[in-house]
Amino acid sequence: MTMIEVRNLHKSFGPLEVLRGINCTIAAREVVVVIGPSGSGKSTFLRCLNLLERPTKGEVIIDGISLTDPRTDINAVRQEVGMVFQRFNLFPHKTVLENITLAPIKVRRLPAARAEQQALELLTRVGLRDKADSYPEQLSGGQQQRVAIARALAMQPKVMLFDEPTSALDPEMVGEVLAVMKDLAREGMTMVVVTHEMGFAREVGDRVLFMDEGLIVEEGTPDQIFNNCRNPRTKSFLSKIL
Amino acid sequence: MGLVIQSLPYLLLGALQTLKITLVAVALGIILGLIAGMGRLSRRRLTSFLATCYVDFFRGTPLLVQIFIVYYGFPQLLNEGQQFLMANFGLPQVLQTTHIPVFVAATVSTSLNSGAYVAEIFRAGIQSIDRGQVEAARSLGMTERQSMRYIVLPQAFKRVIPPLGNEFIAMLKDTSLLSVIGYVELTRQGQLISAATFRPLEVYFAVALIYLAMTFTISRFVDYLERRLRTGDHDRS
Ligand SMILES: Nc1ncnc2c1ncn2[C@@H]1O[C@H](COP(=O)(O)OP(=O)(O)OP(=O)(O)O)[C@@H](O)[C@H]1O
Ligand SMILES: [Mg+2]
């Protein structure tokens, strides 16, 4: 079953054409890792998948609903697509628990007690049950990112987007965040992950997309890309980061 | 010295008027400022243009001139407008007098002025909130209005308290300009007493001390609020 379908996606910022015709299909339960040099448009691609950026041209369809159709209720679609940011972006004036319950209560209209119960279950899942009443600034980077993942999961999304979720972390905290993401992948979440963590890509990635200058230049299984890539640009990129 | 003590009740009455007009000006200024501040951030070009015009005009011209425009200029506009309607459209005379009461002119001019400064305070407060938080809120399905209400404004509100306190103090001192249109506040009261007693030195010095007592008290109060809020502020800034 297809979860995400992207057809001829273009995005320009003024005269700068950042995405130049992306096509890809992502199946339900698939974990897709996106790699590529800085400025190649990885973040922009991800942000087009929940309309944080509006595509200039082309179509994005998630679970059968076209995001690019002007009649589509964007806020409704965004509820189905969770996003985790490089810089966590937790709400600093709210406790960990409130960070997680806010959107379910205000957007999904869940009763507060129900939302709290769910938030505590999610916190247990990411190993932070005892931090429910802390404020984000009292947590380490790795803990904040795990809260951010729990916050996105609280909306029970069909798809999760990760934009370099471990790039802002100290090395010793990367593992705890990746562990949560691996669990999620094993449970069957559809995931699109921009990351340079090749170990993660190998272990749970079903497919790797290599982007360069606004296009998907090469794609394949992690083994194909990391061990037998054909495109010289992929080769030269991988030789720099591996 | 005896003179100052004798005139003290009158000066304090004037100080009360000063406080009153300042409170009214800043309270109305906050309403105007919230509208104009949000207006400047609006994506609609016309809205943000109009808000910018308002803010630039009132911040870029002297309050004294603004007071004159409202108190002397506006009645002229009313008068000539009425004459024009009567002469050209045969409308009956509606306004017997186009004179504006001093208190009304004082309120209008100072509120409009304060609103422009408050607009900038609100705009800066809203813009100081990291865009990433709004994006996180939107990615969770919150509408623009919800992310404004639950994420941006509660944090911006804490940040605007200190500059709003400064605006209040600045306005408190600036209301002394209202003395020139005869609004009887502290400075005007000082003028009247000084003219009657020929003791400008003592009288104006007493006036200055009363202003100082008011601004000092308010600024300490704002400091206190700021400290209270900081302990409750969980932002890393
Ligand atoms: N809002 C914007 N306005 C103008 N240009 C933008 C905007 N967002 C991104 N860009 C430009 O688009 C290009 C691609 O940016 P993008 O962030 O998608 O790259 P990336 O592959 O995620 O890079 P990195 O690995 O550094 O995160 C860059 O040249 C960037 O400067
Ligand atoms: Mg990026």
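The values are calculated or read from the model by the stated rules, or taken from the named source; none is laboratory data. Predicted, not measured: the structure shown is a model, and the values here were computed from it. Cβ atoms come from the backbone with ideal geometry, glycine included; neighbour counts cover every protein chain shown. The accessibility values were calculated without ligands, DNA or RNA, using every heavy atom of the protein model including side chains. Shrake-Rupley method; radii C 1.70, N 1.55, O 1.52, S 1.80 Å.
At 24 Å minimum axial length over the Cα atoms and a Kyte-Doolittle cut of 1.0, report the qualifying DSSP H helices in chain B, or say none. Walk me through the intermediate numbers first.
Values: long enough: B:2-41 (56 Å, 1.67); B:102-127 (38 Å, 0.90); B:153-174 (30 Å, 0.19); B:200-231 (46 Å, 0.61).
For chain B, where a helix must reach 24 Å along its axis and average at least 1.0, the hits are B:2-41.
Between B:Glu80 and B:Asp223, 0.36 nm times their residue separation minus their Cα-Cα distance comes to what?
Additional length available on full extension: 46.6 nm.
On the protein heavy atoms, probe 1.4 angstrom, tell me the percent of accessible surface of chain A carried by carbon and sulfur.
Within chain A, the accessible surface is 46 percent carbon and sulfur.
Label-point separation (nm) for A:Ile65 and A:Leu242, each offset 7 Å from Cα along Cα-to-Cβ?
Distance between the two pseudo-spin positions: 4.0 nm.
Taking 8 Å as the Cα distance limit and 6 or more residues as the minimum spacing, I'd like the relative contact order of chain B as a percentage.
It rounds to 30 percent for chain B.
At 7 Å along the Cα-to-beta-carbon direction for both A:Gln138 and B:Ala27, put a label point, then send me their distance in nm to one decimal.
Each label point lies 7 Å from its Cα, and together they span 3.9 nm.
Output the relative contact order of the stretch B:133-237, whole-number percent, from Cα pairs under 8 angstrom with separation of 6+ residues.
Relative contact order of the stretch B:133-237: 26 percent.
Using a Förster distance of 51 angstrom, determine the FRET efficiency expected from the C-beta separation of B:Phe57 and A:Asp170, and round it to 0.05.
Calculated transfer efficiency: 0.50.
Within the stretch A:138-169, find all residues whose amide N lies under 17 Å from a label point positioned 7 Å from the Cα of A:Glu121 along Cα-to-beta-carbon.
A:150-158
Roughly speaking, to the nearest percent, how much of chain B's 1.4 Å accessible area is carbon and sulfur?
In chain B, the share of accessible area belonging to carbon and sulfur is 67 percent.
Please work out the FRET efficiency for the pair B:Leu41 and B:Thr98, using the Cβ-Cβ distance as r and a Förster radius of 41 Å; give the result to the nearest 0.05. Provide the component values of the computation, followed by the final result.
On the way: r = 37 Å, r/R0 = 0.91.
Once the sixth-power term is evaluated, E becomes 0.65.
For an R0 of 45 angstrom, estimate the FRET efficiency from the Cβ-Cβ distance between B:Thr215 and A:Asn227 and round to the nearest 0.05.
Numbers: r = 74 Å, r/R0 = 1.64.
So, using R0 = 45 Å, E works out to roughly 0.05.
Which of the pairs A:Lys94/B:Lys20; B:Lys20/B:Lys158; A:Lys131/A:Lys240; A:Lys106/A:Lys131 have their Cα atoms more than 29 Å apart in this structure?
Values: A:Lys94/B:Lys20 37 Å; B:Lys20/B:Lys158 25 Å; A:Lys131/A:Lys240 39 Å; A:Lys106/A:Lys131 22 Å.
Pairs exceeding the cut-off: A:Lys94/B:Lys20; A:Lys131/A:Lys240.
Which angle from 0 to 90°, rounded to the nearest 10, does the C-alpha axis of helix A:141-153 make with the longest principal axis of chain A?
90 degrees
Would you tally the net charge around B:Ser114, using a Cβ to Cβ cut-off of less than 10 Å, leaving B:Ser114 out, and scoring K and R as +1, D and E as -1?
Working: positive: none; negative: B:Glu167, B:Asp174.
Charge balance in the 10 Å sphere: -2.
Using only Cα atoms, find the angle between the long axis of helix A:232-241 and the longest principal axis of chain A, and express it within 0 to 90 degrees, rounded to the nearest 10.
Approximately 40 degrees, to the nearest ten.
Counting pairs of alpha carbon atoms under 8 Å apart in space and at least six apart in sequence, what relative contact order in percent does chain A give? Walk me through the numbers before you get to the answer.
On the way: 439 pairs, mean separation 63.8, N = 242.
Averaging sequence separation for qualifying contacts and normalising by length gives 26 percent for chain A.
Count, for each residue of A:89-96, the Cβ atoms from other chains sitting within 10 Å of its Cβ, then give me the mean as a whole number.
Rounded to a whole number, the mean comes out at 6.
So what is the 222 nm mean residue ellipticity for chain B from helices alone, if each DSSP H run of at least 4 adds -39500 (n - 2.57) and you divide by all residues, rounding to the nearest 500 deg cm²/dmol?
So the helix-based figure for chain B works out to -26000 deg cm²/dmol.
In Å², rounded to the nearest 100, what is the total accessible surface buried by chains A and B against each other with a 1.4 Å probe?
2200 Å²
Return one whole number: the accessible area per residue of chain B in Å², for a 1.4 Å probe.
About 56 Å² of surface per residue is accessible.
Whole number please: convex hull volume per residue of the Cα set in the protein assembly as shown, in Å³?
220 Å³
Based on the alpha-carbon set only, what is the convex hull volume of the stretch A:12-147 divided per residue, in Å³?
155 Å³
A:Ala113 versus B:Ala208, label points 7 Å from Cα toward the beta carbon: distance in nm?
Placing both labels 7 Å along Cα→Cβ, they lie 6.7 nm apart.
May I have the convex hull volume per residue, in Å³, for the Cα set of chain B?
On the way: hull volume 39.4 nm³, N = 237.
Taking only Cα atoms, chain B has a hull volume of 166 Å³ per residue.
Please list, by residue number, everything in the stretch A:83-117 whose backbone N is under 14 Å from a paramagnetic label point 7 Å out along Cα→Cβ of A:Ala179.
From the stretch A:83-117, the list is empty.
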